[in-house]
Amino acid sequence: MTDNLKNENVDINVVEDFGREWQTFNQKDIHHDDLLAAFNQYFHLFPLHQLNTESIGFDMGCGSGRWSKFIAPKVKQLNCIDPSPLALEQAKNNLKNFSNCVFECNSVSETQLKDNSQDFGYCLGVLHHIPRTEEGLKSCASKLKNGAPFLLYLYYRFDNKPAWFKLIWNLSDIVRKFVSILPFKIKLFVSQLIAFFVYYPFSRLSLVFEQLGFNVSNIPLSDYRNKPFYFLRTDALDRFGTKLEQRFTKVEIQQMMENAGFVDITFSDKTPYWVVLGRKS
């Protein structure tokens, strides 16, 4: 980790943990159809038809580059930015067949992208892991041209769920706060136990209930019901291994998007919550 990140809008411990996560679960062995289904969950709002061979954009917090491999073939240049050298190493390997990917090891606030230079951008599952989320969002906005689309995903605060659902999450968050401070190898082991004994049973129970005709939207972890176990293992480490996690309501995200200068703001009504698309004004 470079010294210049120490005083910026980034938590170095979180960056290091995510680097190890992407090194452990580099996503390259996931079946194409499974990864494409996950991609479509996030990007169904995004105007992919507007991308062309002249488009230049960014993947902020690219991680292993799992989403970049679907965007890179459509554009002139994709800037893959992540503060973790370990994550970028995995991204470079996963995207080695694309000559139009440019890699930058930097935080959202320190990226070397020029202001008002990008035709599009996306930042999925990243800004809720930094100290000042809205500031990071404004940094992303500053790099976009006027009218450019921007796709964002932030953890939700269960504002569309019943009280008992929130109670279950509060209990799980107590576990997260304990597990996340453990040495990486230990929390990796614990997270895999959680994936096997919690994520897998709940997700497959949801699948059974869905096949019986029940609405499973309020069953915890039901979004994983059709996903391979590899996804569950990755996300269990993501969820319980992270020291810094912030959550936001739909109203709060709307306000942050507006404060950052986005208009035509549209939220997805599907999981995961909340995915939102806006255009820089």
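Rule-based calculations on the coordinates, nothing more; no lab input. Predicted model, so just to flag it, every value in this text is computed and none were measured. Please note: Cβ atoms are built from the backbone with ideal geometry, for glycine as well, and neighbour counts cover all protein chains shown.
For the chain, what's the relative contact order in percent, using C-alpha pairs closer than 8 Å and at least 6 residues apart? Can you show the working numbers first?
Details: 482 pairs, mean separation 58.8, N = 281.
21 percent.
By average Cβ neighbour count within 10 Å, what is the ranking of 223-234, 108-119 from highest down? Don't skip to the answer; put the middle values down first.
On the way: 223-234: 18.6, 108-119: 16.8.
In descending order of packing, they fall as 223-234, 108-119.
Placing +1 at every Lys and Arg Cβ and -1 at every Asp and Glu Cβ, with all other atoms neutral, what dipole size does the chain have around its Cα centre, in debye to the nearest 20? Mind dumping the intermediate values first?
Details: 32 positive and 30 negative charges, 85 e Å.
Computed charge dipole of the chain: roughly 400 debye.
Quick one: dipole size for the range 99-200, taken about the Cα centre, charges +1 on Lys/Arg Cβ and -1 on Asp/Glu Cβ, in debye to the nearest 20.
Values: 12 positive and 8 negative charges, 72 e Å.
My answer is approximately 340 debye.
Backbone amide hydrogens, once placed in the peptide plane, bring Asn79 within less than 5 Å of Gly57, Phe58, Asp59, Val102, excluding anything fewer than 5 places away on its chain. For the chain, the residue among Leu193, Gln41, Gly147 whose Cα projects farthest onto the positive side of the dipole built from Cβ charges is Leu193.
In the chain, helical runs assigned H by DSSP with n ≥ 4 each contribute -39500 (n - 2.57); averaged across all residues and rounded to the nearest 500, the mean residue ellipticity at 222 nm is -12000 deg cm²/dmol. The 3J(HN,Hα) values that the Karplus relation (6.51, -1.76, 1.60; θ = phi - 60°) gives for the range 254-260 are, in residue order, 4, 5, 5, 4, 5, 5, 7 Hz. Gly and Pro appear as x. Here the range 163-240 is assigned +1 on the Cβ of each Lys and Arg and -1 on the Cβ of each Asp and Glu. Its dipole about the Cα centre then comes out at about 220 debye.
Which of the three applies to the chain, rounded, prolate or oblate, going by the alpha-carbon gyration tensor with a ≥ b ≥ c and a/c under 1.5 meaning rounded? Verdict is rounded for the chain.
A Gaussian network model of the chain, with springs between Cα atoms under 10 Å, assigns the largest mean-square fluctuation among Glu252, Glu104, Glu21 to Glu252.
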